[in-house]
Amino acid sequence: MKAAVVRAFGQPLVLEDRAIPTPEAGQVVVKIEASGLCHTDIHAAHGDWPVKPTLPFVPGHEGVGIVTAAGPGVTRVKEGDRVAIPWLGSACGECEYCTSGWETLCERQLNSGYSIDGAYAEYAAADAGYVGIVPPGVDPFAAAPLSCAGLTTYKAVKMAGARSSDLVAVFGVGGLGHLAIQYAKIAGSTVVAVDLLDEKLELARELGAEHTVNASTEDPVAAIKGLGGADSAIALAVSPKAFEQAFGCLRRRGTLVLVAMPAENQMRLPIFETVLNGISVVGSIVGTRVDLQEVFELHAADRTHVWYETRALDTVNQSMDDVERGRVSGRIVFDLGTGGAPAVQRDRAVTTP
Ligand code: NAD
Ligand code: ZN
Ligand code: ZN
């Protein structure tokens with residue numbers, strides 16, 4: 001099978017021919033139809049974070065496909081089912097986090113496309129207990145971005161506590177941001193979207209953002225304060241400066257939700273303003289299996305729209321470059337060429353000009 005492999009940090013990925021995995025006990029093997037390119041895969045390939053993946057590895061944690069084999073003891077899914085392989089590849093199932101609905105904080109978790117091989121491949125093995133079950137009516141090319149970009153921003157909007165009377169600021173209208181706007185709208189909030197590129201802001205307005213700010217030409221702090229300040233700000237842009245602006249635009253008692261993870265790994269957080277303004281700063285890591293089912297249910301009910309562009313896996317290096325330069329509208333999804341279900345109309349297949 002074909003797989004895209006990171007052999008050295010900061011070097012182009014290598015397309016390799018590898019053996020199709022065989023399922024171990026508790027695992028399934030999935031024939032991948034669609035595999036999303038999350039900015040996290042770029043951080044992984046660059047070795048950007050304090051905890052690095054072990055080389056070589058296959059990235060990809062937005063993998064959707066059909067179960068072709070199940071190992072001993074698997075009862076949750078069967079051959080022929082469509083499933084999603086998310087970032088949370090597996091967890092211990094026993095610790096206080098796992099048993100309290102916070103399996104995303106399990107200290108013994110394994111992460112797809114990071115600590116275990118992921119979905120930039122024609123087949124991937126996955127723990128049957130942690131795959132998402134893709135309902136009928138959600139096509140694989142939409143399900144792929146939903147299984148990280150959707151899941152993560154759905155959770156981040158929950159962590160923001162967004163309410164109908166709130167102004168929610170979304171910093172970064174990329175793969176994650178284009179879905180964050182929609183979940184904030186579903187919560188009933190008013191949305192102000194911030195990015196550096198006008199095309200991204202046009203998309204934001206089309207997805208329901210009432211206000212947009214181009215941070216390359218306008219100060220987002222002043223602009224959002226001019227709207228009365230944000231009740232919450234969701235930081236999805238891969239830039240410490242954007243985190244500081246997201247903090248700066250908050251009203252008193254506001255909440256800053258940290259989601260993006262820039263390589264710099266630091267932001268300036270003024271203590272005085274945090275204390276006097278009663279600001280909450282929270283980190284938000286993906287979402288749980290229940291969150292993922294809710295994300296799929298919302299999509300099946302036609303309440304979200306996924307913008308994606310399909311490409312061949314062979315374009316992986318160019319595609320990562322395009323994401324870093326902001327040349328992508330929504331998400332790139334690799335088409336593994338299985339002739340999966342056609343995109344339904346509410347999802348928009350887009351092409352970069
Ligand atoms: P992306 O590249 O698709 O989107 C980033 C967007 O931010 C782009 O539209 C870009 O133009 C914009 N941007 C860049 N600099 C900006 C600035 N200074 N001000 C405003 N906008 C700016 O990336 P993505 O796939 O959406 O991922 C975003 C980040 O979220 C990455 O760091 C990724 O690793 C992280 N992530 C975190 C989690 C989690 O669970 N916390 C999950 C998935 C991804
Ligand atoms: Zn991701
Ligand atoms: Zn655990």
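Using a 1.4 Å probe on the protein chains only, how many percent of the accessible area of the chain belongs to carbon and sulfur? Mind dumping the intermediate values first?
On the way: 7610 of 14740 Å².
Carbon with sulfur: 52 percent of the solvent-accessible area.
Result for the chain in a Gaussian network model with C-alpha springs under 10 Å: among Val74, Val173, Val51, the largest mean-square fluctuation is at Val51.
Just to be sure I understand: of the beta bridges DSSP finds with both ends in the chain, what percent are antiparallel, rounded to 5? Write out the running numbers ahead of the final one.
On the way: 29 of 58 bridges.
Taking every DSSP beta bridge with both residues in the chain, the antiparallel ones total about 50 percent.
Packing here is the average count of other Cβ atoms within 10 Å per residue, and on that basis the peptides 195-201, 25-31, 176-182, highest first, run 176-182, 25-31, 195-201.
Each principal axis of the Cα cloud of region 153-283 was taken in turn, and the coordinate range along them, longest first, works out to 38, 31, 27 Å. The residues of the chain expose, per residue, 42 Å² of accessible area to a 1.4 Å probe.
How big is the charge dipole of region 10-93 about its Cα centre, in debye rounded to the nearest 20, if each Lys and Arg gets +1 on its Cβ and each Asp and Glu gets -1 on its Cβ?
Numbers: 6 positive and 9 negative charges, 40 e Å.
Rounded to the nearest 20 debye, it is 200 debye.
Backbone phi angles across region 129-137, fed through the Karplus curve with coefficients 6.51, -1.76 and 1.60 (θ = phi - 60°), yield HN-Hα couplings of x, 10, 6, x, 9, 7, x, x, x Hz in residue order; Gly and Pro are listed as x.
Rounded to whole Å and ordered largest first, report the semi-axes of the equivalent ellipsoid of the chain derived from its Cα gyration tensor (root of 5λ). The partial results should precede the final answer.
On the way: eigenvalues 212, 87, 78 Å².
So the three semi-axes of the chain are 33, 21, 20 Å.
Karplus-based coupling profile of region 11-19, in residue order and whole Hz: 9, x, 5, 10, 7, 10, 9, 10, 6, with θ = phi - 60° in 6.51 cos²θ - 1.76 cosθ + 1.60 and x standing for Gly or Pro. Distance between the 7 Å Cα→Cβ label points at Leu110 and Ala301: 3.5 nm.
Counting helices only, and only those DSSP H runs with n ≥ 4, report the 222 nm mean residue ellipticity of the chain as the sum of -39,500 (n - 2.57) divided by its residues, in deg cm²/dmol to the nearest 500. If you can, show how the numbers build up before the last one.
Working: 10 runs with 86 residues, N = 353.
The helix-only estimate for the chain comes to -6500 deg cm²/dmol at 222 nm.
In this structure, the amide hydrogen of Leu15, modeled 1.01 Å from its nitrogen in the peptide plane, lies closer than 5 angstrom to those of Val5, counting only residues at least 5 positions away or on a different chain.
Using a probe of 1.4 Å on the protein chains alone, the accessible area found for Phe141 is around 20 Å². Could you size up the charge dipole of region 153-283 around its Cα centre, putting +1 on the beta carbon of Lys and Arg and -1 on that of Asp and Glu, and report it in debye to the nearest 20? Approximately 540 debye in magnitude.
Among Ser165, Ser239, Ser147, determine the one that fluctuates most according to a GNM of the chain built with springs between C-alpha atoms less than 10 Å apart. Of Ser165, Ser239, Ser147, the Gaussian network model singles out Ser165 as fluctuating most. Each residue of region 88-102 was assigned a 3J(HN,Hα) from its phi angle through the Karplus curve 6.51 cos²θ - 1.76 cosθ + 1.60 (θ = phi - 60°); the sequence is 6, x, 6, 9, 6, x, 10, 6, 5, 6, 4, 8, 10, x, 10 Hz, with glycine and proline shown as x.
In terms of packing, defined here as the mean over residues of other Cβ atoms within 10 angstrom, the peptides 112-119, 218-225, 33-40, 12-19 line up highest first as 33-40, 112-119, 218-225, 12-19.
The values are calculated or read from the model by the stated rules, or taken from the named source; none is laboratory data. On a predicted model such as this, the values are computed, not experimentally measured, just so you know. FYI the Cβ positions are ideal-geometry reconstructions off the backbone, even for glycines, and counts take in every protein chain you see. Only protein heavy atoms, including side chains, enter the accessible area calculation; ligands, DNA and RNA are left aside. Shrake-Rupley method; radii C 1.70, N 1.55, O 1.52, S 1.80 Å.
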